[in-house]
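The values are calculated or read from the model by the stated rules, or taken from the named source; none is laboratory data. All values reported here derive from a predicted model rather than from experimental measurement. For neighbour counting, all protein chains shown are included, and Cβ atoms are generated from backbone atoms with ideal geometry for every residue, glycine included.
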Amino acid sequence: MWLLPLFLSAAPLKSPAYFPDEAAKDRDHRPDLGATVDDSPGQGNEPADTGPEGAGAPKFPVSEADLRTIEILALVGAPANDNFANATIVTGKPGDSPPPSFFGDNINATKEPGEPNHAGNPGGRSVWWKWTAPAHALVSLYSSQSDFDTVLAVYTGQAVNALTVVAHQRFTVPLPEAYFFDATAGTTYYFAVDGLNGASGNISMSLGMMAATPPVITSHPQDVTIMEGADTLLRVEAGGTGPFDYQWYFNGSAIDHGVSFNQPIYRAKPSDAGNYHVVVSTAFGTATSATARVTVTLNPWPVITQQPVGYTLTVGDGIAFNVTVTSHTPLTYQWFYNGAPLAGATGSSLIISSVSVTHTGTYSVNVSNSHGTTSSSVATLTVKPAVLVLPSGSSSSGGGGAPTWWSLGALGLLVALRKYRQDWK
């Protein structure tokens, strides 16, 4: 490997077309000192044609430095781990300090027949390492000192044309980057490192490993007794190597959307009473919590499940205030207007068939059974006066003669208002 620094310091070929990669593999095709090469399309790495047909193509004389570079490349050849079958072994386990690392380069590396495009890039200069996971672990592949844009792919499999992708990533210099995957104990993983679009250079990768442990329930959901209509929250805590997935169960059946470490129960009903447990899962195993018993006691008082709501209406509109209540004993109702009881308003609904401006105010209801009384929230009713529209050509001013239709309408409205005032007395 002492030849590599020499190569890096050797003078580059003057002809960009005669890059010595191919010449290093086939020493019989090296040009002679003083020969010329060109970079005409289709000429490849052959010496330039000096005849008439080659006339006009750029000519580059081959120097002694060019020949020395070609000779060095021919001696260096492809990296030892150029092929999948010759992958270099990486050793190490979680907790090693420093962490396991692998170094090398992909200069003169090739791509094998049947080899996949790593991370979706054609590359063309791949080298291989392999590592057998000694234990379940969360592995990070960290590119810290590679000096060219690389693509990395992690595989399992036994042949280069029959590999299963585990992970892949592109690393762009100069920023160090990392990629993570879950490793299974005893599995051999192959790491392919290639140059982005055929780039080459020095490779420096390290493996960070965190020993993976299956999930363990550290805090189980607890039994709880709640009153009907109240809220409660079941909770679980787990340790181990995450991330964690959760699935809650009620009486043995999975709960829709029960996929968090918390399981709420809102406005508890008797049907919510039963057994609850949760299964916590990760890539490294599962854990099942203890069963929590939820008991829902009957609320002896009336429980309002739907409150009356307010409205904004116009004179003449109809309105119905409603309340929904649960109770295990018979109910009675009393509606209130601006805090005062309304005579005869003793049903679950308060209906006003045609409102007037005098109905503007607040409404509520008290619901009672043999155990007590529950008051609803307050609903506000706002009533706006009706808008009179004058017919075309009419005037709003007086002038004698017979009364117009709109003046009769206004008179009728005043009569209706007086009647409603009497109704509310």
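Couple of notes before you dig in:
- Matching residues in region 142-152 - criterion: being part of a strand (DSSP E or B) and either at pLDDT 80 or above or outside the structural domain of residue 100 (by TED's automatic domain parsing) (or both): 150, 151, 152
Here is a yes/no grid of residues against (1) buried (at least 17 other Cβ atoms within 10 Å of the Cβ); (2) under 30 Å from residue 185 (Cα atoms); (3) in the same structural domain as residue 261 (by TED's automatic domain parsing):
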{"position": "273", "(1), (2), (3)": "yes, no, yes"}
{"position": "276", "(1), (2), (3)": "yes, no, yes"}
{"position": "279", "(1), (2), (3)": "yes, yes, yes"}
{"position": "286", "(1), (2), (3)": "no, yes, yes"}
{"position": "311", "(1), (2), (3)": "no, no, no"}
{"position": "316", "(1), (2), (3)": "no, no, no"}
{"position": "324", "(1), (2), (3)": "no, no, no"}
{"position": "329", "(1), (2), (3)": "no, no, no"}
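- Selection of region 264-277 for residues being in contact (Cβ under 8 Å) with a residue 40 or more places away in the chain and out of contact with any Lys or Arg (no Cβ under 9 Å at 6 or more places or on another chain) yields 268, 269, 270, 277.
- Single residue of region 82-103 satisfying the filter (in a strand (DSSP E or B) and modelled with pLDDT of 90 or more) that is surrounded by the most Cβ atoms within 10 Å (Cβ to Cβ): 88
- Under the condition of being within 30 Å of residue 135 (Cα to Cα) and either touching a helix residue (DSSP H, G or I) at 6+ places or on another chain (Cβ under 8 Å) or at pLDDT 95 or above (or both), the residues counted in region 212-238 number 8.
- Count of residues meeting criterion [surrounded by 19 or more Cβ atoms within 10 Å (Cβ to Cβ) and not in a strand (DSSP E or B)] in region 117-137: 6
- Residues of region 238-271 that turn out to be buried (at least 18 other Cβ atoms within 10 Å of the Cβ) and among the polar types (S, T, N, Q), as a count: 2
- Checked against (1) of a type in the set (A, V, I, L, M); (2) without any contact (Cβ under 8 Å) to a residue 60 or more places away in the chain; (3) surrounded by 14 or more Cβ atoms within 10 Å (Cβ to Cβ), residue 320 meets all criteria but (3).
- Any chance residue 211 is closer than 30 Å to residue 151 by Cα, touching a residue at least 60 places away in the same chain (Cβ under 8 Å), under 30 Å from the mean Cα position of the chain (by Cα) and surrounded by fewer than 16 Cβ atoms within 10 Å (Cβ to Cβ): yes
- Positions within region 299-309 being assigned to a loop (DSSP other than H, G, I, E, B), surrounded by fewer than 17 Cβ atoms within 10 Å (Cβ to Cβ) and at pLDDT below 95, in sequence order: 300
- Here residue 185 clears all of (1) at pLDDT 95 or above; (2) in a loop (DSSP other than H, G, I, E, B); (3) surrounded by fewer than 18 Cβ atoms within 10 Å (Cβ to Cβ) except the condition numbered (1).
- Residue, surrounded by the most Cβ atoms within 10 Å (Cβ to Cβ), within region 191-201, restricted to residues that are more than 29 Å from the chain's Cα centre (by Cα) and assigned to a strand (DSSP E or B): 194
- Residue match in region 203-211 (condition: modelled with pLDDT of 90 or more, among the polar types (S, T, N, Q), under 30 Å from residue 164 (Cβ atoms) and not assigned by TED's automatic domain parsing to the domain that holds residue 262): no
- Per the conditions (1) more than 30 Å from residue 215 (Cβ to Cβ); (2) touching a residue at least 40 places away in the same chain (Cβ under 8 Å), the sole criterion not satisfied by residue 293 is (1).
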